[in-house]
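The values are calculated or read from the model by the stated rules, or taken from the named source; none is laboratory data. Bear in mind that the values here come from a model prediction, so they are computed numbers and not experimental data. Here the Cβ is made from the backbone with ideal geometry for all residues, glycine too, and neighbour counts use every protein chain on show. Accessible surface is based on the protein model in full, side chains and every heavy atom, while ligands, DNA and RNA are left aside. Shrake-Rupley method; radii C 1.70, N 1.55, O 1.52, S 1.80 Å.
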Amino acid sequence: MKRKLIYISVSYILGLLMASVSVSPVKYALPLILSAFLVFFSLCKALDKNLKEIILMILPFFIAFGVYRFYNFYVYETLLKCEQGYFSGEIIDITDYANDNSRYILDGTINNIIDAEIICYDTSYNCKIGDTMSFDCDFNPLESDYLFDSQSYYKPENIYLSADNITNPEISSNHNALIRNILYDYREKMILKFRLNMDKDTIAFLSAMVFGDKSDMTDSAKTMLYRSGTGHIMAISGIHVAICAGFVMLILKKLRLNKIISFGILCTLLSVMIIITESPMSVVRASIMLAIFYGSEFFRRENDTFNSLATAVLIICISNPFVIHNQGFLLSVSGTYGIGVLAPYMTKNTDSRIARDFLSMFYVSVCVIPLSIMYFDDVSIISPLTNIILIPPCSISLLIGLVFVMSGGLLNLLFIADYLIKFIMFLTELISKNSWIYISGDSKTVFFVVISLFITGISVYFIFRNRKLINIIIACGIVFMCGYKYAEYAENKDTLTLTLLGKNQNVSAVINCNGNTDIIDLSGHYQSPEYVKKYLSQNHICSVNNLLLTKNREALSASYQSALEFTDVKNIYKCSGDEIRIKYNDYTFSYNNGILTLISDGYSVCVSPYIYSGTADVFIFYGKAKNNSSLPEKFIAYNKSCNNFCISFPENSLRIRRL
């Protein structure tokens, strides 16, 4: 059996995936396992494997499934049962916010018994990584919100709890000798030198590429990159590690150093990169692959991209079963598979260099599209073309930045990177203004159909080795994806919809029908523009007729204009006490003293701050409930347990959907 690690790794990943989707009720687990077993067995038979080889391929599946379920039950669910107590741990990450507040990630123990990593938000104590914090607190599971799925984001990092109501905090300093802090200080020093040589916007761009630090990048810059299909260049990925490692190995080769010494220097460099970029899974994966690539000659083994990828994935998955939820890891693996396995195979007989480059980018895009639909609001449909144009200047800028950092600022060619990044930003801004170049994500149907076709394509690759058939499957996936999304846009466009967005008792309303969209900010919360921006992006809404601001009007006006930079907002009303009524052919809505009323074909919905007055078919109450208040029979309380939902009115009926 050749390339055993590939089959073992694929089997192990399938086991983790199956376990992750079957954590819910047990009744779903058995059918899923049986289905996976039948598919896997059929694939093995098609590949002409004997019973011994089939057992070798199936065994990792059940091991992975068992490991995930065991870890989920005995570690994850055990920690979720913690409610109150004492925590003491080492600070492993710090993020500073405005108003002298900080977020700390701590690695320590609960009640000196249970090992855990937790998140806490507290006053800035001028701490550094390596210091120890101790306090009494309440422990709460991480909550997911419409804006950010914190539970899924932090679970692969083995962080499941947040500390609230912190009392009696104690800080002890123990950070001076940590290599990590020395590297972080060096990173900040290099970013400061970036500032002395480049413009503000280009500094943020280069810092994101070199260090993975996107904190200084504006939301509009990120949106432009994602819509143009080049958002991946902001993330520290395999290309960054490969460029850096290749540059170092070239220098070491010129110096004619011993191969073992060179390999040791490379491994040290890769370890430093993992630390300085805060250990993203894409960098860990790329570092393992590069170590295998450069170390293969010591063991007289021929290097193989697929085998190296499988080995790296298996090592990472064994060390952390929850990594299967990490979007950076999944995107990195799928992209590497596309550029290192699928693209070379599919373009093997292509003679033209330009055609081969374009097709390679196309197949890489095909591999990452299913996950992009799942994780991002906007998915570019012209990414193969834009990547061919923009990857070269991005790679040159990245190399200049890496050389600058590795030389301590002595080799300074940042002025070239400055001009290149300005060109990149100009081009992405020009491209991203066209709404037809991207489709909006957030569709489970599209994701499952596309991922099914993706898996089918991989199966065809293994069984038939037929390029034409693979291309037909890919074409079907693209046609379905685009056709389904544009049909969905058309259907949503013709249906009257009232959407309520926000967190807890803060709420904004979006009304849209027949291409008309209106936004009514009811509570004036500072985060409302971000909720509205996400909703408009997910639903491919590029134009807004009216924006009504009812509270904190001046501050929110600037916030909305910034958040909706890529949306055409025609009118902004700063409402006072007077009633505002807007009438369309199919419906009418009005706002008066905190009460929003929507009427369509005799059907009415009233959104009110717990003031029961007037008549309506359905009432939606937001804000704080009044004591002894008389409420109607049909009402929805907009609160922590019920927010971010959409009410549609198809054919004089009412349908509610949680977002």
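Summary of values
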item	result
Odd one out for residue 361, checked against (1) open to solvent by 30 Å² or more (accessible area, probe 1.4 Å); (2) closer than 18 Å to residue 222 by Cα; (3) not hydroxyl-bearing (Ser, Thr, Tyr)	(2)
Residue 232, sole failed condition from (1) in a helix (DSSP H, G or I); (2) modelled with pLDDT of 75 or more; (3) more than 25 Å from residue 412 (Cα to Cα); (4) open to solvent by 70 Å² or more (accessible area, probe 1.4 Å)	(2)
Some residue of region 589-596 being touching a residue at least 40 places away in the same chain (Cβ under 8 Å), in a loop (DSSP other than H, G, I, E, B), among the small types (Gly, Ala, Ser) and surrounded by 11 or more Cβ atoms within 10 Å (Cβ to Cβ)	yes
Leading residue by the ranking (nearest to the chain's Cα centre (by Cα)) among those in region 266-282 that are farther than 17 Å from residue 296 by Cβ and among the hydrophobic types (A, V, I, L, M, F, W, C)	281
Residue that is surrounded by the fewest Cβ atoms within 10 Å (Cβ to Cβ) [pool: residues in region 183-216 that are aromatic (Phe, Trp, Tyr) and under 23 Å from the mean Cα position of the chain (by Cα)]	211
Subset of region 122-133 [modelled with pLDDT of 85 or more and either among the aromatic types (Phe, Trp, Tyr) or open to solvent by 10 Å² or more (accessible area, probe 1.4 Å) (or both)]	132
Residue 582 being open to solvent by less than 50 Å² (accessible area, probe 1.4 Å), closer than 30 Å to residue 369 by Cβ and of a type in the set (A, V, I, L, M)	no
Region 367-406: number of residues that are open to solvent by 20 Å² or more (accessible area, probe 1.4 Å), part of a helix (DSSP H, G or I) and over 24 Å from residue 243 (Cα atoms)	4
Residue within region 561-579 that is within 20 Å of residue 621 (Cβ to Cβ) and aromatic (Phe, Trp, Tyr) present	no
Residue, surrounded by the most Cβ atoms within 10 Å (Cβ to Cβ), within region 412-434, restricted to residues that are among the aromatic types (Phe, Trp, Tyr) and touching a residue at least 12 places away in the same chain (Cβ under 8 Å)	423
Selection count, region 524-578, where residues are in contact (Cβ under 8 Å) with a residue 60 or more places away in the chain, of a type in the set (Lys, Arg) and over 23 Å from residue 436 (Cα atoms)	0
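Okay, residues lined up against (1) on the phi < 0 side of the Ramachandran plot; (2) over 36 Å from the mean Cα position of the chain (by Cα); (3) of a type in the set (A, V, I, L, M, F, W, C):
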residue	(1), (2), (3)
517	yes, no, no
544	yes, no, yes
547	yes, no, yes
553	yes, no, no
576	yes, yes, no
581	yes, yes, no
598	yes, no, yes
602	no, yes, no
608	yes, no, no
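Yes/no matrix, rows are residues, columns are (1) within 26 Å of residue 277 (Cα to Cα); (2) open to solvent by 50 Å² or more (accessible area, probe 1.4 Å):
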position	(1), (2)
76	no, no
93	yes, no
103	yes, no
114	no, yes
118	yes, no
